[in-house]
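K.L.:
Here you go, one structure.
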There are 2 protein chains.
Amino acid sequence: MSTASAGSGGVEVDFAEDNYGDTLFPREIKSALTHLRDIGEQHVDRSVKVRAWIQNARMQGKKMAFVELREEGSWSIQGLVVAGAGTGVSREMVKWVGSLNPESFVSVEATVKRPLGLVKSCRVTNYELHLSKVFCEAPAPDVLGLSLAAANKAATGLDEEEEVVDGMANLTVKELVVPGASLATHISDPVMHKRAPVTQAISDIRMAVRKLFTEYVDTRDFNMFEPPCLIGAASEGGAEVFTLPYFGKTAYLAQSAQFYKQLEIAGGRKRVYSIGPAFRAENSNTRRHLTEFIVMDLETEIESHYHEVMYLLEDLLLYIFRQLEVRCKDQIELVRSVYPSPPFLVPQPGKEVRISFADGQKLLREKGPAEFRNVSDDEDMSTPQEKALGAIIRDKYQTDFYIIDKFPESARPFYAMLDPENPAVTNAFDFFMRGQEVLSGGQRIHHPVVLEDRIRAKGIDPSSLGIKEYLDIFKSAGVPPHGGGGIGLDRVVAWYLALPTVHLAAYYPRTPKRLLP
Amino acid sequence: MSTASAGSGGVEVDFAEDNYGDTLFPREIKSALTHLRDIGEQHVDRSVKVRAWIQNARMQGKKMAFVELREEGSWSIQGLVVAGAGTGVSREMVKWVGSLNPESFVSVEATVKRPLGLVKSCRVTNYELHLSKVFCEAPAPDVLGLSLAAANKAATGLDEEEEVVDGMANLTVKELVVPGASLATHISDPVMHKRAPVTQAISDIRMAVRKLFTEYVDTRDFNMFEPPCLIGAASEGGAEVFTLPYFGKTAYLAQSAQFYKQLEIAGGRKRVYSIGPAFRAENSNTRRHLTEFIVMDLETEIESHYHEVMYLLEDLLLYIFRQLEVRCKDQIELVRSVYPSPPFLVPQPGKEVRISFADGQKLLREKGPAEFRNVSDDEDMSTPQEKALGAIIRDKYQTDFYIIDKFPESARPFYAMLDPENPAVTNAFDFFMRGQEVLSGGQRIHHPVVLEDRIRAKGIDPSSLGIKEYLDIFKSAGVPPHGGGGIGLDRVVAWYLALPTVHLAAYYPRTPKRLLP
């Protein structure tokens, strides 16, 4: 493996045999490693080392071969090898280079030249590489499962998992311009799927959202902490929780960091955040659901009113949206070229949209479709209601981002603080993007007596496993008023870009039917 | 709840009744919120608002009460209330303030004054607060489960979980200066445990390590990514993996991000990292083990030799150690005052210690205890051998941090690249701190034919679940040479500080016997 294998079967010695071939360990090339994006005038007529994928290779007659080399997503350049005694390139070498499979990984030595005309097939158009050494460190198969071109088109077959199409994100499959491979094909050929520039652009945007979140909270005195995944009690209800055997007992996978965020506040941190996985064992095969997802969580002491928390979270998300447009401009454009979508509208400063749940229901009754003429102020909204309200609000306020505040008591868990002015509603809110929830938050009850009353009022036994431990937090020492929220990272990315499914926003989507790769 | 409740049972009107009492929602205090650490000359004779815990409250006669107020870990200040018609403070108010339980949370209005003498009992010694309003937003119980003073002493009973004491980290329980509460008591009173300055200092150091890791890789072109926790195949062996029912199938909890890091490299990213949980179902009740732990993982293309990866990881850890001494100086001192330990020795630049496994075994044979006179170069080291070698190296090179390179083939998994010069050993290494492993890494096999050979040589069926998917990565397209390593965050923190157990380094330690809180 580690020595060059001549391409020719002839008996005569190939004078170029040290200049090409397969190798397991990188062969020595003395020129400096150069990235395609950096190649410029200073490199002309100089020798460089490049490590890249073969995007294409073909013979031109018997003495010349062309290759396209690609690195870092979409940087590509034309390379050529020309046989001749003076160049150190033999006909055997040309033939071998011309027969390299696309997506093989090579290390080359080359002289940078100006091409005769612009090279339109490559991103680098005004330079080309005259190759003097070509070593293949990793071969690709003769036939790829998914070509790079197909991987960079919009995925089709998004409903492979038996979901009902729900017309989300202002976009349906029919509107997609170019048919590509099915989502199942993408996910089962993860290597080629990930090499597609559109996949890398979505990943870049996702990581930018995480980084912007962290930047924001880090400059506002939040302390990071780490909630556990394995927990001993399913405090948020048993139906949708994963359970596993744990050394003769039962463990659960955390559905949220709620308990632990509050414990950190109780433990004396004024403001905390975490970014990590949460799990939900819901057998929902829709484009909105994942069984494992990343939540960006925060919790903070309240100085005087829970709107402090709400405004902070709103400002945080607006910061993320506005910065994304700047920092990820190219990636957003690239994604839109594959998955077309209207820009994500954010409100002008001072024009933020915060509507009470009751006013939202009123809007629905007055301006929504006929079936929502009788929606009640005391019942939680359904997904279709949320989307209808999103359309009304976009129309009325030109924004895809808004807050619904003061959810009814019936729609919130026991730990939500009731509004002191109107105990039928809570000091709790949801944030929406394009008519879909991305954040749930509010003020929590910090007083043990009030909390125990609410637990009983919800018909829960305060001594049950998980509830007792939760209540004990507030009994063990005085805990300041506090509130917070959890932001679903997958959904923020998917709805910001109006991707046709949240599964395209995740690195390794987990659904009831998918655990691999 | 939301109105003041007068402390006195008398019938006469308490003229101060609006200035104190219990309240569920914060009462209005117009003075600006001020943190104790910020109080200075500019505040003298001015009114401030402070939100803090009662650390102590006591009556002095019938007209005066003293309190100690505490916030942000250990900032404390003396407060006093003096009854008098002119001050707005009644005797009833004084009595109520004097009877507040320690660890109740209060909001106060006060005038900053210079005390008659230095207040030695508080961290703020040269100012005191003359309280005019005191509202209790969260009461503490009459008797705390764990007092703050006890919570801030070294935990005892570290072996509650039936482990064998292994004399780790140069420190045994006997050497602890001050007896405190047992670790079990700490963990079962998480609120008070977390309020202890020593706990917060350890957390600060832990988060600083995470942040330093991120800083380092972010400035070196690494891309963050997110490996899943739920996986469909246990590629790294079945014995120590958690399994759970998953919609009629079986899911596993990831033991490492290895597969996914490599998949990201295969997918066209040159350098990737992740920070997230990993799980191991090992029934080990020792001070070194956790069933859930955080790993800081990275993987990078190799340009010419795997030592690029090794040196990068070495430089990264040295960066972390050196920056910790600067950024967390106070926290490290605080931890050492509770858990005494010798400073963590790092090598001078140019004096880094990298020893081959064979040379390490030779050192053990020559300088180690008698029972290690016959250790072999072909067998992995045991924990006692590692510790003995750590002591020899500290003696010889004055460092607590070093690398053992070239582990024998028998001690590494199938994916470790063999040394082309000597296939009895691998291009793989471990990093050690105080004689204990904190990082495992090396070059991975990137070539599908070589990889399949190694899988068979290890007696594994290449078509088995998990292995097939792993092999398919390298078959589906050419993957560049690459390597990486995973750093155990819990262990880095614990061994850097020479904590007597890794359980003290984790936010919510998970052991075979512990899933709560």
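K.L.:
I'd like the full set of residues that are charged (D, E, K, R), farther than 18 Å from residue B:89 by Cα and within 13 Å of chain A (Cβ to nearest Cβ), limited to the range B:31-65.
P.N.:
Answer for the range B:31-65, where residues must be charged (D, E, K, R), farther than 18 Å from residue B:89 by Cα and within 13 Å of chain A (Cβ to nearest Cβ): B:37, B:38, B:51.
K.L.:
Moving on to the next point. Taking the range B:132-155 only, how many residues are assigned to a loop (DSSP other than H, G, I, E, B) and either touching a residue at least 12 places away in the same chain (Cβ under 8 Å) or buried (at least 19 other Cβ atoms within 10 Å of the Cβ) (or both)?
P.N.:
Total satisfying the criteria: 12.
K.L.:
For residue B:344, work out the one condition from (1) outside any helix (DSSP H, G or I); (2) open to solvent by 20 Å² or more (accessible area, probe 1.4 Å); (3) touching a strand residue (DSSP E or B) at 6+ places or on another chain (Cβ under 8 Å) it doesn't fulfil.
P.N.:
(2)
K.L.:
A further question on this structure: Quick check on my filter: what residues within the range A:110-131 are open to solvent by 30 Å² or more (accessible area, probe 1.4 Å) and more than 19 Å from residue A:74 (Cα to Cα)?
P.N.:
Correct list: A:111, A:113, A:114, A:116, A:117, A:130.
K.L.:
Still on this structure, I have one more. Please state which one of A:513, A:458 is more than 30 Å from residue B:104 (Cα to Cα) and not aromatic (Phe, Trp, Tyr).
P.N.:
Answer to the check: A:513.
K.L.:
Quick one: would you say residue B:291 is farther than 30 Å from residue B:183 by Cβ and open to solvent by less than 10 Å² (accessible area, probe 1.4 Å)?
P.N.:
No; evaluated as a whole, the condition is false for this residue.
K.L.:
I would also like to ask the following. Give the range A:77-93 a look and list any residue that's open to solvent by 30 Å² or more (accessible area, probe 1.4 Å) and either free of Cβ contacts under 8 Å to residues at least 40 places away in the same chain or in contact with a Lys or Arg (Cβ under 8 Å, 6 or more places away or on another chain) (or both), or say none.
P.N.:
A:82, A:86, A:91
K.L.:
What number of residues within the range B:180-238 are of a type in the set (A, V, I, L, M), touching a strand residue (DSSP E or B) at 6+ places or on another chain (Cβ under 9 Å) and within 17 Å of residue A:218 (Cα to Cα)?
P.N.:
Number of matching residues: 2.
K.L.:
Then there is this: In the range A:462-486, what count of residues is obtained for those that are under 34 Å from the mean Cα position of the chain (by Cα), surrounded by fewer than 24 Cβ atoms within 10 Å (Cβ to Cβ) and either more than 10 Å from chain B (Cβ to nearest Cβ) or among the polar types (S, T, N, Q) (or both)?
P.N.:
So the count comes out to 2.
K.L.:
Another question, then. Within the range B:425-434, does at least one residue satisfy the condition of being among the β-branched types (Val, Ile, Thr) and surrounded by fewer than 20 Cβ atoms within 10 Å (Cβ to Cβ)?
P.N.:
Looking for residues that are among the β-branched types (Val, Ile, Thr) and surrounded by fewer than 20 Cβ atoms within 10 Å (Cβ to Cβ), one finds none in the range B:425-434, hence no.
K.L.:
Please give the number of the condition residue B:299 fails out of (1) modelled with pLDDT under 95; (2) touching a helix residue (DSSP H, G or I) at 6+ places or on another chain (Cβ under 8 Å); (3) within 28 Å of residue B:383 (Cβ to Cβ).
P.N.:
That leaves (1) as the condition not met.
K.L.:
Could you list, in sequence order, all residues of the range B:94-115 that are free of Cβ contacts under 8 Å to residues at least 60 places away in the same chain and either within 14 Å of another protein chain (Cβ to nearest Cβ) or of a type in the set (Val, Ile, Thr) (or both)?
P.N.:
Hits for the range B:94-115 are B:94, B:100, B:101, B:102, B:104, B:105, B:106.
K.L.:
Go through the range A:363-375 and count every residue that is part of a helix (DSSP H, G or I) and either aromatic (Phe, Trp, Tyr) or surrounded by 15 or more Cβ atoms within 10 Å (Cβ to Cβ) (or both).
P.N.:
Summing the residues that are part of a helix (DSSP H, G or I) and either aromatic (Phe, Trp, Tyr) or surrounded by 15 or more Cβ atoms within 10 Å (Cβ to Cβ) (or both) in the range A:363-375 gives 4.
K.L.:
Hey, does the range B:324-333 have a residue that's touching a Cys at 6+ places or on another chain (Cβ under 8 Å), under 26 Å from residue B:154 (Cβ atoms) and of a type in the set (Asp, Glu)?
P.N.:
no
K.L.:
Listed residues A:75, A:53, A:96; which is touching a helix residue (DSSP H, G or I) at 6+ places or on another chain (Cβ under 6 Å) and of a type outside the set (A, V, I, L, M)?
P.N.:
Step by step, each of A:75, A:53, A:96 is checked, and only A:75 is touching a helix residue (DSSP H, G or I) at 6+ places or on another chain (Cβ under 6 Å) and of a type outside the set (A, V, I, L, M).
K.L.:
Do we have any residue at all in the range B:59-78 that's under 22 Å from residue B:334 (Cα atoms) and in contact with a Pro (Cβ under 7 Å, 6 or more places away or on another chain)?
P.N.:
Checked the range B:59-78: at least one residue is under 22 Å from residue B:334 (Cα atoms) and in contact with a Pro (Cβ under 7 Å, 6 or more places away or on another chain).
K.L.:
Being of a type in the set (Lys, Arg) and in a strand (DSSP E or B) is the filter; apply it to the range A:63-114 and report the residue that is farthest from the chain's Cα centre (by Cα).
P.N.:
Applying the filter and picking the extreme gives A:113.
K.L.:
Restricting attention to the range A:240-271, and to residues there that are farther than 17 Å from residue B:516 by Cβ and more than 10 Å from chain B (Cβ to nearest Cβ), which single residue is surrounded by the most Cβ atoms within 10 Å (Cβ to Cβ)?
P.N.:
Result: A:271.
K.L.:
Turning to a different aspect of this structure: Is it true that some residue in the range A:388-406 is of a type in the set (A, V, I, L, M), open to solvent by less than 50 Å² (accessible area, probe 1.4 Å) and within 25 Å of residue A:474 (Cα to Cα)?
P.N.:
Checking the range A:388-406: not a single residue is of a type in the set (A, V, I, L, M), open to solvent by less than 50 Å² (accessible area, probe 1.4 Å) and within 25 Å of residue A:474 (Cα to Cα).
K.L.:
What's the number of the only condition in (1) farther than 26 Å from residue B:348 by Cβ; (2) modelled with pLDDT of 95 or more; (3) touching a Pro at 6+ places or on another chain (Cβ under 9 Å); (4) outside any strand (DSSP E or B) that residue B:378 fails to meet?
P.N.:
In the conditions (1) farther than 26 Å from residue B:348 by Cβ; (2) modelled with pLDDT of 95 or more; (3) touching a Pro at 6+ places or on another chain (Cβ under 9 Å); (4) outside any strand (DSSP E or B), residue B:378 misses (2) alone.
K.L.:
Filter the range B:437-459 down to residues that are buried (at least 17 other Cβ atoms within 10 Å of the Cβ) and either closer than 29 Å to residue B:360 by Cα or more than 12 Å from chain A (Cβ to nearest Cβ) (or both), then give me how many there are.
P.N.:
So the count comes out to 14.
K.L.:
Right, another one. List the pairs whose first member sits in the range A:290-305 and is more than 10 Å from chain B (Cβ to nearest Cβ), whose second member is surrounded by fewer than 24 Cβ atoms within 10 Å (Cβ to Cβ) and of a type in the set (S, T, N, Q), and whose Cβ atoms are under 6 Å apart, counting only residues at least 6 apart or on separate chains?
P.N.:
A:297/A:274
K.L.:
Here is a list: B:51, B:70, B:46, B:27. Which entry is modelled with pLDDT of 95 or more, closer than 29 Å to residue A:482 by Cβ and open to solvent by 80 Å² or more (accessible area, probe 1.4 Å)?
P.N.:
Being modelled with pLDDT of 95 or more, closer than 29 Å to residue A:482 by Cβ and open to solvent by 80 Å² or more (accessible area, probe 1.4 Å) holds for just one of B:51, B:70, B:46, B:27, which is B:46.
K.L.:
While we're here: Please enumerate the residues belonging to the range A:21-30 that are in contact (Cβ under 8 Å) with a residue 12 or more places away in the chain and within 10 Å of chain B (Cβ to nearest Cβ).
P.N.:
Those that are in contact (Cβ under 8 Å) with a residue 12 or more places away in the chain and within 10 Å of chain B (Cβ to nearest Cβ): A:22, A:23, A:24, A:25, A:26, A:27, A:29.
The values are calculated or read from the model by the stated rules, or taken from the named source; none is laboratory data. Note that the coordinates shown come from a computational prediction; the quantities given were computed from them, not determined experimentally. Virtual Cβ from ideal backbone geometry, glycine too; neighbours counted across all protein chains shown. Quick note on the areas: whole protein, heavy atoms, side chains included, nothing else; ligands and nucleic acids left out. Shrake-Rupley method; radii C 1.70, N 1.55, O 1.52, S 1.80 Å.
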